[in-house]
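Any read-out appearing in this document is the output of simple, stated calculations on the displayed coordinates, not a laboratory observation. Everything quoted here is computed from the prediction, not taken from an experiment. As a convention, Cβ positions derive from the backbone with ideal geometry for all residues, glycine included, and neighbour counts pool all protein chains shown.
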Amino acid sequence: MSSKACPVTCLSLEYFGGEDGYRCGYCKSQTGNFSRGMWSHTMTVQDYQDLIDRGWRRSGKYVYKPIMQKTCCPQYTIRCHALKFQPSKSHKKILKKMNRFISKGELQKGQEDCAGNGADPSRPPCRKAKELRKERRLQKEQMSQNNQSKTLEEFISESLPENSAHCLEVRLVPVNFEDPQFMASYQQSSALYAQYQMAIHGDDPSECSESEFKRFLCDSPLEAEYAPDGPEVGYGSFHQQYWLDGRIVAVGVIDILPTCVSSVYLYYHPDFNSLSLGSYSALREIAFTKQLQKQSPKLSYYYLGFYIHSCPKMRYKGQYRPSDLLCPETYVWVSIERCIPLLDNSRYARLNQDPDLGDARAVRDLGRALVLYRRTVMPYAAYSRKRKGSSDEMEVQQYASLVGQDCAERILLYRS
């Protein structure tokens, strides 16, 4: 492979070794979190798909990968088989709670107590508690039988009365500052993000400014792409906006990639905290994945980000089943049922138990990795000759081993 002049539009990524520990948001250790990182100006959706299938994840344009054997809270990439997903009992409760809120305007209340300040002649006489319990049990059994056969889509699209208290609309908006719909809702969306961060995460106003919102949830390295066998909306980064009675109350930030919908973040209005919007939006995104799969057969997974078994509050992601965790050594997927016993015994585990299996995309030829040096694209072998034995071979080797041979030959690594 010969070196070639790079057009001005050709952008590359910068790699950061990440040897120093920093604060962990899960166990609150001040220096226990370790990861490698890359600042990516632009990349294709296939590049990013391959990277998240090797344990990477993005925050804005920064793409990072935990150092699994070293970090305090190992983060395992998790995916749900959207086509096989069946809502659990708790998921159905969340879906019904939302439908009840939209139709009646309030959350379900408990049974009113018969005891009071004397009998009300306008009300029917109180019945014995035993009789009431029996009636409620029969009603629950009947409802349970009706719900057993209902699909996720049927729960979401359940017909509501014409005089419903609220109107909920979900809009998919591309993250694009030239898109009129995105720009029309940008200020409202940014303000909602700040409300959420301050109320739910206790952020200082300076930590959730408009510039932080843009950097974290609007800037994306992914280039929008369209393909004949791809989804109609295309691939790239999107905001899935939840509009309640004409205002945005929640936003799910997602990436649509060749084989999955990848969840990036969710923020919502603190007033609706009791509606379990985190779980509700995940269920909506699974249903959306199934919808996209009808247009693009390969797109059949829903990625929930990282599963952190050592952090109990992050284990909820394992409830969206069937699901798999990514083995941090072989980069093959292993069903979560097989992973949990291993993670119960150790924070870090090689999830694939086949001792003969290795990394199928391991670096075979470092010389073929592409670099951008003095505005010229060249293989690392040519760069190394130009530099007469460069001193960065260990760093480039580390980078290539983390992204894999295929990505190393496609993505440009910036060299100064």
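Explain nothing, just the number: dipole magnitude of the chain about its Cα centre with +1 on each Lys and Arg Cβ and -1 on each Asp and Glu Cβ, in debye rounded to the nearest 20. List each step's numbers first, then the result.
Working: 56 positive and 47 negative charges, 223 e Å.
Taking the Cα centre of the chain as origin, the dipole is about 1080 debye.
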- Simple spin-label estimate for residue 104/residue 83, 7 Å along Cα→Cβ, in nm, reads 3.9
- Task: Set the Förster distance to 35 Å, then compute FRET efficiency between residue 271 and residue 59 from the Cβ-Cβ distance, nearest 0.05.
- Result: 0.85
- Cα-based Rg (one decimal) and Dmax (whole number) for region 258-416, in Å? 20.5, 63
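Dividing the alpha-carbon radius of gyration of region 168-300 by 2.2 N^0.38 Å (N being the number of residues), what value is obtained?
Numbers: Rg = 14.8 Å, N = 133, 2.2 N^0.38 = 14.1 Å.
Rounded to two decimals, the normalised Rg is 1.05.
How big is the charge dipole of region 168-300 about its Cα centre, in debye rounded to the nearest 20, if each Lys and Arg gets +1 on its Cβ and each Asp and Glu gets -1 on its Cβ? Working shown, then result.
Numbers: 8 positive and 17 negative charges, 98 e Å.
Magnitude of the dipole: close to 480 debye.
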- Query: Can you give the charge dipole size of region 152-218 about its Cα centre, rounded to the nearest 20 debye, using +1 on the beta carbon of Lys and Arg and -1 on the beta carbon of Asp and Glu?
  - Reply: 200
- Hey, if you put +1 on the Cβ of every Lys and Arg and -1 on every Asp and Glu Cβ in region 168-300, which of 297, 281, 177 ends up farthest toward the positive end of that dipole? 297
- Quickly rank 25-32, 268-275 as a protection proxy: mean count of other C-beta atoms within 10 Å, highest first. 268-275, 25-32
- Item | Max mean-square fluctuation residue, GNM over the chain, Cα-Cα springs under 10 Å, options 353, 75, 240 | 353
- Task: Based on other C-beta atoms within 10 Å, arrange 261, 377 from fewest to most.
- Result: 377, 261
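Going through the cross-link list 104/290; 96/214; 96/317, which pairs have a Cα-Cα distance over 27 Å in this structure?
104/290; 96/214
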- Cα→Cβ-extended label distance, 7 Å offset, between residue 346 and residue 395, nm: 3.2
- Message: Which one, 308, 373, 343, is farthest towards the positive end of the dipole of region 273-416 when Lys and Arg carry +1 and Asp and Glu -1 on their Cβ?
- Response: 373
- For the chain, what does -39500 (n - 2.57) per DSSP helix run (n ≥ 4), summed and divided by total residues, give at 222 nm, in deg cm²/dmol to the nearest 500? -9000 deg cm²/dmol
- If Lys and Arg each add +1 and Asp and Glu each add -1, what is the summed charge of the other residues whose beta carbon sits under 11 Å from the beta carbon of residue 69? +2
- Please go through the residue pairs 89/298; 28/84; 97/298; 28/65 and name each one whose alpha carbons sit more than 25 Å apart in this structure. 89/298; 28/84; 97/298
- Note on the structure: Expressed in angstrom and rounded, the centroid-to-centroid distance over alpha carbons for region 263-312 and region 172-196 is 19
- Semi-axes of the equivalent ellipsoid of the chain: what are they in whole Å, largest first, if each equals the square root of 5 times a C-alpha gyration tensor eigenvalue? 46, 24, 20
- With a point put 7 Å past each Cα toward its Cβ, work out how far residue 160 is from residue 319 in nm, to one decimal. 2.3
- Message: Under 10 Å, Cα contacts only: if you run a Gaussian network model on the chain, which one of 54, 284, 100 comes out with the highest mean-square fluctuation?
- Response: 100
- Item | Max mean-square fluctuation residue, GNM over the chain, Cα-Cα springs under 10 Å, options 15, 280, 226 | 226
- Item | Residue among 159, 414, 224 farthest towards the positive dipole end of the chain, charges placed on Cβ | 159
- Under 5 Å, built H, 5+ apart or other chain: amide partners of residue 321: 86
